[in-house]
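**Student:** Sharing a structure, written as structure tokens. Questions coming.
Just so it is clear, none of the values below were taken in a lab; they were calculated from the coordinates. Model, not experiment: these values are computed from the prediction. Here Cβ is always computed from backbone atoms with ideal geometry, including for glycine, and neighbour counts include all displayed protein chains.
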Amino acid sequence: MNKTQKGAWFNLAGSLFAICVFSWTGFTLFGLKRLPDKGFMFATLAGFFLITGISLFYIRKKQSPNEPESDERDKLILRNAVIAAFVSVWVLLFTANISLQLAFGAGGLIPVWSLRLINVAILYLVLIVYATAILVQYGWGENNAGE
Amino acid sequence: MPENNLTNNIRRLRFEHNEMTQQELADKAQVTRQTIFAIESGKYAPSLPLAFRIAKAFGVGVEQVFQYEE
């Protein structure tokens with residue numbers, strides 16, 4: 001795997017991990033109405049350091065001493081992934097707005113923290129879309145250099 | 001997805017040049033091994049500069065490496 005692929009895997013792992021942590025924390029705080037266990041917090045910290053530590057070592061490791069940081073195909077794949085992520089921002093924002101309207105009605109009230117939660121969730125979902133777009137393109141292959 | 005009419009002899013040329021590996025060719029062409037693999041298997045059409053660098057790595061002309069079929 002080259003650096004771009006490794007970075008995408010790290011991105012995907014980190015984003016999925018963050019979404020799981022936030023989801024469980026939110027459920028514990030607002031659903032079960034209690035603070036998360038100490039064990040869960042240690043597991044979160046351990047997971048964070050594990051993913052970061054492995055990625056810092058693994059991403060830096062090169063296939064060859066002359067391997068470039070990225071080549072033209074990597075740039076093309078990254079460009080397409082950015083486009084996919086940009087489109088997903090709009091789709092997710094629209095979906096979030098429609099969902100809120102359907103859940104609470106046009107004149108409904110929601111707490112301010114829920115907006116922060118929605119923004120964070122959208123951020124991580126966009127990162128997942130970005131990383132997935134990169135990995136899928138490496139699997140499919142791209143036919144058009146220089147477009 | 002547009003049809004890729006570009007074919008290449010990279011695999012054959014690699015074997016003819018002291019069984020050059022994909023990584024060695026990638027180092028000479030200044031790209032990653034994955035890009036060489038994608039070009040060889042017809043999944044990726046290289047840019048003109050890259051096509052010339054690959055041809056230069058084999059010491060042959062671009063037409064001997066890549067062929068365009070109508």
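**Student:** Given H placed 1.01 Å from N in the peptide plane, which residues other than close sequence neighbours of residue B:8 have an amide H under 5 Å from its amide H?
**Tutor:** Correct list: B:67.
**Student:** Moving to a separate point now. What's log10 of I(q)/I(0) for chain B at q = 0.11, 0.15, 0.28 Å⁻¹, Debye sum over Cα points only, no solvent?
**Tutor:** -0.22, -0.42, -1.51
**Student:** Sorting check: for B:23-32, A:6-15, which peptide has the highest mean count of neighbouring beta carbons within 10 Å, and how do the rest follow?
**Tutor:** Top to bottom by mean Cβ count within 10 Å: B:23-32, A:6-15.
**Student:** When Cβ neighbours within 10 Å are restricted to other protein chains, what is their mean count per residue of peptide B:49-58?
**Tutor:** Per-residue shielding by partner chains comes out at 1.
**Student:** Whole Å is fine, so just give me how far the alpha carbon centre of region A:99-131 lies from that of region A:1-78.
**Tutor:** 22
**Student:** If you place +1 on the Cβ of every Lys and Arg, -1 on the Cβ of every Asp and Glu, and leave all else neutral, what size is the dipole of the protein assembly as shown about its Cα centre, to the nearest 20 Debye?
**Tutor:** 1000
**Student:** Taking every residue in A:1-8, how many Cβ atoms of other protein chains lie within 10 Å of its Cβ, on average?
**Tutor:** Other-chain Cβ atoms within 10 Å of each residue's Cβ, averaged: 2.
**Student:** If we count other beta carbons within 10 Å of each Cβ, what is the order of B:13, B:48, fewest first?
**Tutor:** Placing the least packed residue first, the sequence is B:48, B:13.
**Student:** While we're on this one: Using a basic spin-label model with each label point 7 Å from the Cα along Cα→Cβ, how many nm lie between residue A:62 and residue A:102?
**Tutor:** If labels sit at residue A:62 and residue A:102, their model points lie 5.1 nm apart.
**Student:** Students often check this: by mean Cβ neighbours within 10 Å, which of A:31-38, A:47-54 ranks highest, and how do the rest follow?
**Tutor:** A:47-54, A:31-38
**Student:** Hey, another quick one. What is the angle, in °, between the Cα long axis of helix A:112-140 and the longest principal axis of the Cα atoms in chain A? Nearest 10 is fine, range 0 to 90.
**Tutor:** Result, in degrees: 30.
**Student:** Of the trypsin sites (Lys or Arg not before Pro) in region A:42-147, which ones lie in a loop per DSSP and count no more than 12 other C-beta atoms within 10 Å?
**Tutor:** A:61
**Student:** Can I ask one more? For residue B:12 paired with residue B:69, estimate the spin-label separation in nm (one decimal), with each label point 7 Å from Cα along the Cα-to-Cβ line.
**Tutor:** The modelled label-to-label distance comes out at 1.2 nm.
**Student:** Further question: Whole-Hz Karplus ³J(HN,Hα) for region B:14-23, in order, using 6.51 cos²θ - 1.76 cosθ + 1.60 and θ = phi - 60°, x for Gly and Pro?
**Tutor:** 4, 5, 6, 9, 6, 6, 4, 7, 4, 5
**Student:** Hey, another quick one. Please give the calculated 222 nm ellipticity per residue for chain A, where each DSSP H segment of at least 4 residues contributes -39500 (n - 2.57) and the sum is spread over every residue; nearest 500 deg cm²/dmol?
**Tutor:** That comes out to -26500 deg cm²/dmol.
**Student:** If you don't mind, there's one more thing I want to ask. Kindly write out, for region A:67-84 in residue order, the coupling ³J(HN,Hα) from the Karplus curve 6.51 cos²θ - 1.76 cosθ + 1.60 (θ = phi - 60°), rounded to whole Hz, with x marking Gly and Pro.
**Tutor:** Running phi through 6.51 cos²θ - 1.76 cosθ + 1.60 with θ = phi - 60° gives 5, x, 4, 7, 10, 4, 5, 4, 5, 5, 5, 5, 4, 5, 5, 5, 4, 4 Hz.
**Student:** Applying the Karplus parametrisation 6.51 cos²θ - 1.76 cosθ + 1.60 with θ = phi - 60° to the phi angles of region B:48-64, what ³J(HN,Hα) value in whole Hz is obtained for each residue in order, glycine and proline being reported as x?
**Tutor:** With coefficients 6.51, -1.76 and 1.60, one gets 4, x, 5, 4, 5, 5, 5, 4, 5, 4, 8, x, 10, x, 4, 5, 7 Hz.
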